[in-house]
Amino acid sequence: MTEKRQFRAIKGTRDILPPDSALWNWFEQTAREVFESYGFRDIRLPIFEETSLFARSIGADTDVVAKEMYTFEDREQFRVAHPLTMVDVIRIDEAVAEAWQHGRIPRTLANETEVLRLHEASQNIDREGTPALLCFLDSVRNLALGDSLTLRPEATASVARAYIEHGMHTQPGNVKLYYSGPMFRRERPQKGRYRQFYQVGAEALGQSDAPGIDAEVLEMLLVFFKRVGLTQTTLYVNSIGCKECRPKYVELLREELRKVKDRLGPDSQRRIDTNPLRVLDSKLPDEQPIIEKLPRISNHLCADCGEHFAKLKDELHLRGIVYEENWRLVRGLDYYTRTTFEVTAAGLGSQNAVCGGGRYDGLVELLGGPPTKGIGFAIGTDRAILSIQEGGKLPQLPGLAVFVAWMGAKSYPAAVAIARKLRECGLAVELPPEEMKFKKSLGLADKLGARYALIIGEDDVASGTFTLKRLADAEQKKLSENDLLEYLESERRGSGA
Ligand code: HAM
């Protein structure tokens, strides 16, 4: 008997159901409109990429790469016949040996072990029978023939890869791109933190690193947040220097941290060697007074970085952008240089960062492309929408406009025809496929949140009129088809449906 079981969404993933999905569409559509008004254009990227793209861009020692990526082998397997004859075993053994010799099997230590084990097992099958055969099959399956791929944990690396792959540096001016879609990180799920989460992001790449670009990107972000009613936000900015000044600062920080090592927790103690900047991210209450006394990067920027940061602040002032400087904002991804920023929002508890971003001059070069400057951000859609919902200022989204309440078989053809015409005008229309009692029909219209019920009885068909009832106040009108279409069309424009 087959087991009956209920499937559930995987831990850390979730379904976005109506009516919330309408809010998500509106949020993403508003981002498109705002970003396009700043000259950004849509880029659609693959959901998975070569693992090494992320390791190289984000940094092999970061939490994202070291602990959180969904990585899998793009498996190609040696085909194994069923049932397996001794001739098949010899054929596979020879094919594996040949593929190994010519480098068609990735030369990893694990693969080398399996190739040897497989050959040995094939030699023993005659003598040992089933155990050797099982061992042989096991090794065939374990051979990792394919590329290592990863579900994208973020999209900046993919944008940089696409920029290089399509020679976008030859395009005039800055290349300004935006994207939206799911990202994947194997984090511990909690409110505002998921394993499949969504981002809306924007990236500007090109030859210039003028602070005006940084400021315009921030202006665009805040204009967008205002448009979607995300107003209880704080923008934090920092500069983390460049490859000239940051290593010296990191060394100084390391020295200072070593002096206070005994007073730090185990994570921070470990980070003194691996990545001292990440100690600044610590939220442990006991470490706060110690961190406050550490040297600050703003006092150790080189002249160019210092000037860039000062000009960025002037530019923000020029645009009336309110921000807080936060010297501890180092961000968790390795590609950043100079400007870094984050926006926090109300109503989210500990996962309150709704957006993170910064400059990544040199990332394109690191991936084999031409010297290129870049800056961008990604908004966490899940968190931004949570914060909008918690704030209670939800937009009025159009929803269902008309419920066609038809009665009597003779009115059905007229109901089908008018439903199609109203839908062609862009209205959302519900047409019950079976006749319903009048009261039940209006009750359903109400429950579905329709703004109007269009009542069509057999008498109306004979007289060529329709009765339109506004459900909010029960106001009723008798209209000809033309008047009806005109009336609802103007209502649609008014409601933005
Ligand atoms: P990030 O700070 O790693 O930056 O992520 C950006 C935003 O994505 C976060 O502020 C947060 O709102 C959201 N987010 C991250 N992880 C999760 C999660 N597990 N669950 C829910 N939301 C999450 C980046 O991804 C960079 N690529 C941003 C960037 C673009 N920098 C330059 N250009």
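How about the range 331-438: which trypsin sites (Lys or Arg not before Pro) there are in a DSSP loop, with at most 12 other Cβ atoms within 10 Å of their Cβ?
Within the range 331-438, the qualifying trypsin sites (Lys or Arg not before Pro) (loop, at most 12 other Cβ atoms within 10 Å) are LYS393, LYS437.
Here, P(r) means the percent of Cα pairs in each 10 Å bin from 0 to the largest distance; for the range 355-490 it is 11, 31, 18, 11, 11, 10, 8, 1.
The residues of the chain present an accessible area of 53 Å² per residue when probed at 1.4 Å with all protein chains retained.
Potential lengthening of the chain between THR85 and ALA303 amounts to 71.2 nm, from the contour at 0.36 nm per residue minus the alpha-carbon distance.
By the Kirkwood approach, averaging reciprocal distances over each pair of separate Cα atoms, the range 145-229 gets a hydrodynamic radius of 15.3 Å.
Applying a 4.7 Å Cβ-Cβ cutoff to the chain leaves CYS135, CYS242, CYS305, CYS355, CYS425 as cysteine residues with no disulfide-compatible partner. The mean sequence distance of close C-alpha pairs (under 8 Å, at least 6 residues apart), as a share of the length of the chain, puts its relative contact order at 15 percent.
One quarter of the surface of the convex hull around the alpha-carbon atoms of the range 422-497 equals 5.2 nm², the direction-averaged projected area. Between GLY129, VAL115, ALA155, the Cα set farthest toward the positive side of the dipole of the range 67-162 (charges on each charged residue's Cβ, about the Cα centre) is that of ALA155. Values of log10 I(q)/I(0) for the range 208-324 across q = 0.11, 0.14, 0.20 Å⁻¹ run -0.49, -0.74, -1.05, by the Debye formula with one identical scatterer at each alpha carbon and no solvent. Stretched out straight at 0.36 nm per residue, the stretch from ASP20 to ASP473 would grow longer than its current Cα-Cα span by 160.4 nm.
Ellipticity at 222 nm from helices only: DSSP H runs of n ≥ 4 in the chain, each -39500 (n - 2.57), divided by the residue count, give -13000 deg cm²/dmol.
About its Cα centre, the dipole of the range 389-497 is roughly 200 debye, where the only charges are +1 on Lys and Arg Cβ and -1 on Asp and Glu Cβ. Sort the chain into rounded, prolate or oblate with this rule: let a ≥ b ≥ c be the square roots of the eigenvalues of the Cα gyration tensor; rounded if a/c is under 1.5, and if a/c is not under 1.5, prolate when a/b is larger than b/c, oblate otherwise. Note, shape of the chain comes out oblate.
Working ranking of peptides 445-454, 189-198, 39-48 by packing, defined as the average number of other Cβ atoms within 10 Å per residue, highest first, is 445-454, 189-198, 39-48. If you take every DSSP beta bridge whose two residues both sit in the chain, what share of them, in percent to the nearest 5, is antiparallel? Percent antiparallel among DSSP bridges in the chain is about 85.
Restricting the GluC sites (Glu not before Pro) of the range 404-458 to loop positions (DSSP other than H, G, I, E, B) with no more than 10 neighbouring Cβ atoms within 10 Å leaves GLU434. The fraction of accessible area contributed by carbon and sulfur in the chain is 51 percent, rounded to a whole number (1.4 Å probe; ligands and nucleic acids excluded).
Value of Rg to Rh for the range 106-181, rounded to two decimals, is 1.38; Kirkwood radius and Rg both from alpha-carbon coordinates.
Peptides 156-167, 93-104 ranked from most to least packed, by the mean per-residue count of other Cβ atoms within 10 Å: 156-167, 93-104. For the pair GLN29 and GLU481 in one chain, pulling the backbone fully straight at 0.36 nm per residue adds 159.4 nm over the alpha carbon distance.
The values are calculated or read from the model by the stated rules, or taken from the named source; none is laboratory data. Here the structure is a predicted model, which is why all the values come from computation and not from measurement. We place every Cβ from the backbone using ideal geometry, glycine too, and count neighbours over all the protein chains shown. Accessible surface is based on the protein model in full, side chains and every heavy atom, while ligands, DNA and RNA are left aside. Shrake-Rupley method; radii C 1.70, N 1.55, O 1.52, S 1.80 Å.
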